[in-house]
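> If you scroll down you'll find the structure; I have some questions about it.
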Amino acid sequence: MGTAERRLAPGDGMAVRRGPEAPDRDIPVDERRALWVEEPARRRRMPDPVRTSAVRAVIIIAVTMIQAMVAFFCTMAGSWLAFPMVISSIAGTVVATWAALDIWVTRQVWNQRYGVVSDPSSTARALRRERRRARRQARATERAQERIRRRGGTGQLSHP
């Protein structure tokens, strides 16, 4: 019966269950089963310009399909509207194709401007590490030579 209260006529012989005595009322709120469980999205959300062009393309394609259906039915009915609708359907198909290409172009442009994430490969990282190590070693050697020169050549067997 759950948490719902059951109302019976007196003399029915059955017990009446009230809210506080319901089995799940004693469970704390934190332990109750949630109505939904939020899961992380499988894919990232499309960038705004790409989503805008996709919505525009869907609307244009839907209108073009409706135009094509109207043209077909007008042709079947022999209406005078058939020829203008066929011409507008052809034009709509061209526009719908352009809109679909616009999604692709907008996505490519967005990826080119904002989507590039530079992750150097482990090989490049290792080469950079070796170069840094060599530079440090060269600087350390140069500092040691400079220190020797400042002392006036002490520590050398002969002076240059």
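Taken together, the values in this text are just the output of simple stated rules run on the coordinates, not laboratory data. Please read these numbers as outputs of a predicted model, since none were measured by experiment. Glycine gets a Cβ as well: all are built from the backbone with ideal geometry, and neighbour counts include every protein chain shown.
> Once a ≥ b ≥ c are taken as the square roots of the eigenvalues of the Cα gyration tensor of the range 48-112, is the result rounded (a/c under 1.5), prolate (a/b larger than b/c) or oblate (a/b not larger than b/c)?
Prolate is the answer for the range 48-112, as a/c is 1.5 or above and a/b outweighs b/c.
> Quick one: net charge of VAL55's neighbours, Cβ under 15 Å, K/R +1, D/E -1?
Once all neighbours under 15 Å are counted, the net charge is +2.
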